[in-house]
Ligand code: 13P
Ligand code: SF4
């Protein structure tokens, strides 16, 4: 029996649903029940009726699923798949800014640890951040951990006063403006699509800025035939599958999230067989983090 058939069998046996992010390997995306961006996957995790969730992504995603659905068993094919940016906000800094600043909301990007979420007022993803923050009554927004996304949001929401942090995604920071310019000259007829984790210089050149799902939707609805893609290369699997007549160009060879690539189809089968790599979150932390995630789901509706 091939590994895909074995996973199908195991899913039934264990009453499991497989969620996968667009950055994981194409074979893993193929065995998943739902593939999406961080927002969509968090919604699916909160709504899933299955006893077991296999999260094919990085730790903050699986942790968010556990925070939203504590009664479910959440498994990760590789428990070491982590997002470095999720660790780039500091609790002491949150405490300090809360003391110094009135009329403040601490807004954390979903790419953050459970502990950071527990100390934030609301969570956001790249596809709902503008909408969620616009609805907040507070004027001052301490946005953590991503400085690029924070700066981009502050340009969309001039009525708010953003306080930024120093976090960044190394994958998106490595999409350097000079190389993007070169690609634009080489492919002048191409549309430039960028994830908001890219630097301001790259975002300023983009024809469209949005989440992974946003980029996929943009391409689906576009009459254009050629696109320069400024995000992680895993997204090309879905883009090429849905649009065989269109051309996709990466900026360089470094658009690879090494943690997302730790998730392999063999590890998906193994975690379902053994039920190893279960996610746990301290109950006090979980309850507080739940409030921030629930508020996001509510305000993003
Ligand atoms: P999306 O929410 O757009 O899928 O992004 C998640 C992520 O980790 C981007 O690097
Ligand atoms: Fe984190 Fe960047 Fe990987 Fe996304 S692409 S999971 S932000 S390291």
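The values are calculated or read from the model by the stated rules, or taken from the named source; none is laboratory data. On a predicted model such as this, the values are computed, not experimentally measured, just so you know. A quick note on method: Cβ atoms are made from the backbone with ideal geometry, for glycine too, and the neighbour counts reach across all protein chains shown.
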**Asked** Of the residues that make up the range 182-194, is at least one within 22 Å of the chain's Cα centre (by Cα) and assigned to a helix (DSSP H, G or I)?
**Response** no
When every residue in the range 208-232 that is free of Cβ contacts under 8 Å to residues at least 40 places away in the same chain and in a loop (DSSP other than H, G, I, E, B) is compared, the one farthest from ligand 2 (Cβ to nearest atom) is 223
Considering residues that are touching a strand residue (DSSP E or B) at 6+ places or on another chain (Cβ under 6 Å) and free of Cβ contacts under 8 Å to residues at least 40 places away in the same chain, the number found within the range 151-163 is 4
- Query: Residue check: is residue 270 over 16 Å from the mean Cα position of the chain (by Cα) and farther than 30 Å from residue 15 by Cβ?
  - Reply: no
All conditions in (1) assigned to a helix (DSSP H, G or I); (2) in contact with a strand residue (DSSP E or B) (Cβ under 9 Å, 6 or more places away or on another chain) are true of residue 255 except (1)
Exactly one of 180, 176, 171 is farther than 17 Å from residue 125 by Cβ and either crowded, with 22+ Cβ neighbours inside 10 Å or touching a helix residue (DSSP H, G or I) at 6+ places or on another chain (Cβ under 6 Å) (or both), and that one is 180
Residues in the range 237-268 that are under 27 Å from residue 207 (Cα atoms) and either touching a residue at least 40 places away in the same chain (Cβ under 8 Å) or away from ligand 1 (no atom under 14 Å from the Cβ) (or both) total 21
Q) For the range 11-19, does any single residue satisfy the condition of being within 16 Å of ligand 2 (Cβ to nearest atom) and either at pLDDT 95 or above or farther than 20 Å from residue 66 by Cβ (or both)? A) yes
All conditions in (1) surrounded by fewer than 24 Cβ atoms within 10 Å (Cβ to Cβ); (2) away from ligand 1 (no atom under 16 Å from the Cβ) are true of residue 120 except (1)
Q: Test residue 195 against the stated conditions and say whether it is out of contact with any strand residue (DSSP E or B) (no Cβ under 8 Å at 6 or more places or on another chain), closer than 27 Å to residue 94 by Cα and touching a residue at least 60 places away in the same chain (Cβ under 8 Å).
A: no
Filtering strands (runs of 3 or more DSSP E) wholly in the range 1-77 for at least 3 residues that are crowded, with 23+ Cβ neighbours inside 10 Å and away from ligand 1 (no atom under 16 Å from the Cβ) gives none
Meets criteria (touching a strand residue (DSSP E or B) at 6+ places or on another chain (Cβ under 6 Å) and at negative phi) for residue 299
no
Kindly indicate whether any position in the range 200-207 is within 16 Å of ligand 2 (Cβ to nearest atom) and touching a residue at least 24 places away in the same chain (Cβ under 8 Å).
-> yes
> Is it fair to say residue 99 is free of Cβ contacts under 8 Å to residues at least 40 places away in the same chain, part of a helix (DSSP H, G or I) and away from ligand 1 (no atom under 16 Å from the Cβ)?
Replying inline: yes
Scanning the range 233-252 for residues that are within 16 Å of ligand 2 (Cβ to nearest atom) and in a loop (DSSP other than H, G, I, E, B), the one surrounded by the fewest Cβ atoms within 10 Å (Cβ to Cβ) turns out to be 252
